[in-house]
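Chemist: First, the structure itself, so that you have it in front of you.
The values are calculated or read from the model by the stated rules, or taken from the named source; none is laboratory data. The shown structure was predicted, so the numbers you read here are calculated from the model rather than taken from an experiment. Every residue, glycine as well, gets a Cβ built from its backbone with ideal geometry; the counts of neighbours run over all protein chains shown.
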Amino acid sequence: MKEEEEQQQRWRWWEEEKYKDGIKWKYLEHKGPVFAPPYDPLPPNVKFYYDGKPFPLSLQAEEVASFFAKMLDHEYTTKDIFRNNFITDWRKEMTLEERMVISELAKCDFTEMFTYYKGIMEERKNRTKEDKLKLKEENEKLMQEFGFCIMDHHREKIGNFRIEPPGLFRGRGDHPKQGMVKKRILPEDIIINCSQDSKIPKPPTGHKWKEVRHDGSVSWLASWTENVKGSVKYIMLNANSKLKGEKDWEKYEVARKLKFHIHHIRKTYCENFKSKEMKVRQRAVALYFIDKLALRAGNEKEEGETADTVGCCSLRVEHIKLHPELDGEKHVVEFDFLGKDCIRYYNKVPVEKQVFKNVKLFMEGKQEGDDLFDRLSTPLLNKHLQLLMEGLTAKVFRTYNASITLQDQLQELTDPNDGVPTKILSYNRANRAVAVLCNHQRAPPKTFDQSMANIKTKIDARKEQIELAKKELKEAKKEAKEKDSEKLKKVVEMKRRAVQRAEEQLMRLEVQATDKEENKQIALSTSKLNYLDPRISVAWCKKWDVGLEKIYNKTLRDKFAWAVHMTDTDFTF
DNA sequence: TGACGGACTTGTGTGGACTTGG
DNA sequence: CCAAGTCCACACAAGTCCGTCA
């Protein structure tokens with residue numbers, strides 16, 4: 001409750017005016033990032049072996065070896081690409097002498113190091129309560145000093161104030177760069193962004209910043225270029241900040257605006273299915289998929305630099321199968337491709353006849369590896385969308401369709417007569433419909449079967465308990481009827497309550513089991529965090545008197561404080 | 001128009017904190 | 001009170017989209 005109060009106390013940025021012309025802030029002061037702790041060398045008794053013999057390593061080579069040693073029980077270290085990239089990068093860190101000897105990873109023995117680090121982890125886990133408390137306090141102190149900034153007179157929380165420590169790059173799926181060494185970032189790599197009239201952060205002693213700039217048109221406080229992909233990384237504010245919140249609010253407003261244009265847009269792209277211009281037809285069909293299936297835009301990617309994943313515009317012929325008829329349905333398109341994060345998208349969808357014919361046409365004369373939409377790119381698509389509605393891009397359709405689906409599903413599934421637990425089940429089901437639409441999948445948790453079985457056992461036990469309680473109630477009633485006494489009446493009442501309580505518990509368990517089962521392979525958190533207009537959820541909670549904390553955890557309530565504050569029961573998306 | 005980099009959002013996995021039930 | 005299970009915050013990877021430059 002205390003936190004809720006704190007939240008109420010928080011500055012209501014949404015009641016203030018925004019800056020114009022791309023200005024993000026006028027005053028920004030912070031302490032700079034926190035760097036990764038320096039490498040802690042191995043004790044002399046822990047050895048690395050090459051070709052069966054102990055082989056002492058230079059400090060630099062040892063540090064990189066430790067990255068691999070710590071991961072020995074991870075699947076990554078069995079993959080060829082990972083191993084090859086690692087040994088190549090590792091050898092770059094070696095001295096000439098080391099490089100002369102160490103050439104084959106298969107001859108490297110890291111097991112002593114692995115065991116050593118395992119032991120340290122174990123020790124860490126078994127720390128005493130006092131130690132844990134002390135660490136927590138130290139962390140808190142660091143957070144208070146480096147975890148906040150002053151932006152235009154307000155103290156704002158920073159999202160990530162720690163620089164990423166060095167290690168091995170863990171790309172997802174078949175990433176060609178997995179296993180490469182992520183180098184240690186030094187102050188000399190860091191660009192600091194703050195206002196000129198602020199207290200400029202001091203670099204650690206003996207070091208200098210790469211650059212200090214004062215750019216109020218961007219939101220980041222510090223940045224550096226990472227060595228594996230050469231991309232820029234940033235220190236930015238927490239999701240509950242004004243800067244992030246305003247942007248998020250704006251996103252949902254753009255999505256809401258689409259509601260007024262969607263009818264016309266859909267009509268237009270259906271007309272364009274018959275366009276004489278191939279480019280227009282392809283654009284229309286792609287847009288149809290983006291709208292109907294909530295596919296991502298699908299930017300072009302540099303070949304060989306990333307895993308082979310696609311979105312709508314980058315679909316290739318091998319990702320599509322056409323079924324004139326399938327399971328009693330006509331014009332079925334079968335999608336099978338790897339999307340963002342190498343998550344598989346598999347779906348069989350009956351489509352408009354015109355779409356089906358078009359896709360067939362687009363595929364004619366093409367072979368594996370060819371683009372389905374060879375005349376289309378995301379910039380082209382977005383340029384077109386911009387003309388249809390200001391601020392419209394491909395990803396707005398995902399936000400729009402996710403939010404409108406939640407709203408419709410809540411309307412459909414919520415039964416006013418239900419109790420709170422069942423209403424929450426309805427909410428989760430509505431949320432689930434969105435997650436399915438957006439293909440937010442997850443691997444079933446490793447403990448899933450076990451914990452499912454546990455719930456079933458509990459349910460059975462409850463049922464038995466109810467039987468017993470009912471029997472006792474019956475007997476108590478019978479006794480009370482025979483001998484009319486106050487004491488017996490009380491007993492009957494007690495037994496009645498016991499039955500009721502047990503039945504309520506049973507119902508709660510059954511709802512829990514259903515929810516869990518339906519959620520086995522589906523992740524709700526992503527859509528909740530990124531796609532669902534929080535005002536829909538807040539309004540629903542207020543309308544049905546469901547505590548917001550049943551739907552949103554503290555982080556979400558904090559992030560969506562603006563929505564919590566401004567939304568009433570009558571909000572419609 | 002096409003490559004490219006920069007800025008920002010979206011996404012999953014994970015370790016540790018927190019909760020719960022025996 | 002402890003172990004097991006669950007949940008959350010965080011780390012950081014991987015997208016989208018825009019502006020610039022040739």
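Chemist: Across the range A:336-348, which residue is nearest to A:Lys292 (Cα to Cα) among those that are within 16 Å of DNA strand B (Cβ to nearest atom) and part of a strand (DSSP E or B)?
Modeler: A:Asn347
Chemist: Can you tell which of A:Lys279, A:Lys274 is farther than 22 Å from A:Ser527 by Cβ, away from DNA strand B (no atom under 16 Å from the Cβ), in contact (Cβ under 8 Å) with a residue 40 or more places away in the chain and more than 25 Å from the chain's Cα centre (by Cα)?
Modeler: Selected residue: A:Lys274, the only one of A:Lys279, A:Lys274 that is farther than 22 Å from A:Ser527 by Cβ, away from DNA strand B (no atom under 16 Å from the Cβ), in contact (Cβ under 8 Å) with a residue 40 or more places away in the chain and more than 25 Å from the chain's Cα centre (by Cα).
Chemist: Hey, another quick one. With the structure loaded, tell me whether A:Arg535 is farther than 30 Å from A:Glu246 by Cα and not acidic (Asp, Glu) or whether it fails that test.
Modeler: When the stated conditions are applied, A:Arg535 does not pass them.
Chemist: May I ask you to say which residue of A:Glu504, A:Glu518, A:Glu510 is over 30 Å from A:Glu479 (Cα atoms) and loosely packed, with under 14 Cβ neighbours inside 10 Å?
Modeler: A:Glu518
Chemist: In the set A:Glu475, A:Glu464, A:Glu549, which member is surrounded by fewer than 17 Cβ atoms within 10 Å (Cβ to Cβ), modelled with pLDDT of 70 or more, more than 16 Å from DNA strand B (Cβ to nearest atom) and not β-branched (Val, Ile, Thr)?
Modeler: A:Glu475
Chemist: Given (1) in a helix (DSSP H, G or I); (2) in the same structural domain as A:Pro203 (by TED's automatic domain parsing); (3) not acidic (Asp, Glu), where does A:Gly179 come up short, assuming only one miss?
Modeler: With (1) in a helix (DSSP H, G or I); (2) in the same structural domain as A:Pro203 (by TED's automatic domain parsing); (3) not acidic (Asp, Glu) applied to A:Gly179, the lone miss is (1).
Chemist: Having 2 or more residues that are in contact (Cβ under 8 Å) with a residue 12 or more places away in the chain and of a type in the set (Phe, Trp, Tyr) is the bar; report the helices (runs of 4 or more DSSP H) wholly within the range A:34-106 that clear it.
Modeler: Counting at least 2 such residues, we get A:59-70, A:80-93.
Chemist: I would also like to ask the following. Would you say A:Glu112 is closer than 30 Å to A:Asn193 by Cα and surrounded by 11 or more Cβ atoms within 10 Å (Cβ to Cβ)?
Modeler: Against the criterion (closer than 30 Å to A:Asn193 by Cα and surrounded by 11 or more Cβ atoms within 10 Å (Cβ to Cβ)), A:Glu112 does not qualify.
Chemist: Outside the structural domain of A:Arg172 (by TED's automatic domain parsing), within 33 Å of the chain's Cα centre (by Cα), surrounded by 11 or more Cβ atoms within 10 Å (Cβ to Cβ) and among the acidic types (Asp, Glu), is that true of A:Glu98?
Modeler: Against the criterion (outside the structural domain of A:Arg172 (by TED's automatic domain parsing), within 33 Å of the chain's Cα centre (by Cα), surrounded by 11 or more Cβ atoms within 10 Å (Cβ to Cβ) and among the acidic types (Asp, Glu)), A:Glu98 does not qualify.
Chemist: Within the range A:176-200, which residues are more than 24 Å from A:Ala61 (Cβ to Cβ) and without any contact (Cβ under 8 Å) to a residue 24 or more places away in the chain?
Modeler: A:Gln196, A:Ile200
Chemist: Something else: For the range A:152-167, check the following and say yes or no: at least one residue is surrounded by 14 or more Cβ atoms within 10 Å (Cβ to Cβ), away from DNA strand C (no atom under 15 Å from the Cβ) and acidic (Asp, Glu).
Modeler: Yes, the range A:152-167 contains a residue that is surrounded by 14 or more Cβ atoms within 10 Å (Cβ to Cβ), away from DNA strand C (no atom under 15 Å from the Cβ) and acidic (Asp, Glu).
Chemist: Continuing with this model, one more query. Restricting to the range A:150-171, name every residue that is away from DNA strand B (no atom under 14 Å from the Cβ) and hydrophobic (A, V, I, L, M, F, W, C).
Modeler: Of everything in the range A:150-171, those that are away from DNA strand B (no atom under 14 Å from the Cβ) and hydrophobic (A, V, I, L, M, F, W, C) turn out to be A:Ile150, A:Phe161, A:Ile163.
Chemist: For A:Pro379, are the conditions met, namely being within 16 Å of DNA strand C (Cβ to nearest atom) and surrounded by fewer than 18 Cβ atoms within 10 Å (Cβ to Cβ)?
Modeler: Against the criterion (within 16 Å of DNA strand C (Cβ to nearest atom) and surrounded by fewer than 18 Cβ atoms within 10 Å (Cβ to Cβ)), A:Pro379 qualifies.
Chemist: Given the residues A:Asp174, A:Asp248, which is the only one that is surrounded by 14 or more Cβ atoms within 10 Å (Cβ to Cβ), within 29 Å of A:Tyr531 (Cα to Cα) and within 10 Å of DNA strand B (Cβ to nearest atom)?
Modeler: Only one candidate qualifies: A:Asp248.
Chemist: Picking from A:Glu16, A:Glu63, which residue would you name as being more than 27 Å from the chain's Cα centre (by Cα), at pLDDT 90 or above and of a type in the set (D, E, K, R)?
Modeler: Only one candidate qualifies: A:Glu63.
Chemist: Ok, one more. Of all residues in the range A:70-95, how many are loosely packed, with under 12 Cβ neighbours inside 10 Å, within 18 Å of A:Met180 (Cβ to Cβ) and of a type in the set (Asp, Glu)?
Modeler: 2
Chemist: Continuing with this model, one more query. Filter the range A:357-404 down to residues that are of a type in the set (Val, Ile, Thr) and more than 12 Å from DNA strand B (Cβ to nearest atom) and give me whichever is nearest to A:Asn299 (Cα to Cα).
Modeler: Looking at residues that are of a type in the set (Val, Ile, Thr) and more than 12 Å from DNA strand B (Cβ to nearest atom), I get A:Val359.
Chemist: With the condition kept exactly as written, say whether any residue in the range A:450-460 is in a helix (DSSP H, G or I), in contact with a strand residue (DSSP E or B) (Cβ under 8 Å, 6 or more places away or on another chain), surrounded by 15 or more Cβ atoms within 10 Å (Cβ to Cβ) and assigned by TED's automatic domain parsing to the domain that holds A:Gln512.
Modeler: Checked against the condition, which is being in a helix (DSSP H, G or I), in contact with a strand residue (DSSP E or B) (Cβ under 8 Å, 6 or more places away or on another chain), surrounded by 15 or more Cβ atoms within 10 Å (Cβ to Cβ) and assigned by TED's automatic domain parsing to the domain that holds A:Gln512, the range A:450-460 yields no hits at all.
Chemist: Every residue in the range A:349-379 that is of a type in the set (Val, Ile, Thr) and part of a strand (DSSP E or B), please.
Modeler: A:Val349
Chemist: Go through the range A:384-416 residue by residue and tally those that are more than 16 Å from DNA strand C (Cβ to nearest atom), surrounded by fewer than 19 Cβ atoms within 10 Å (Cβ to Cβ) and of a type in the set (A, V, I, L, M, F, W, C).
Modeler: 1
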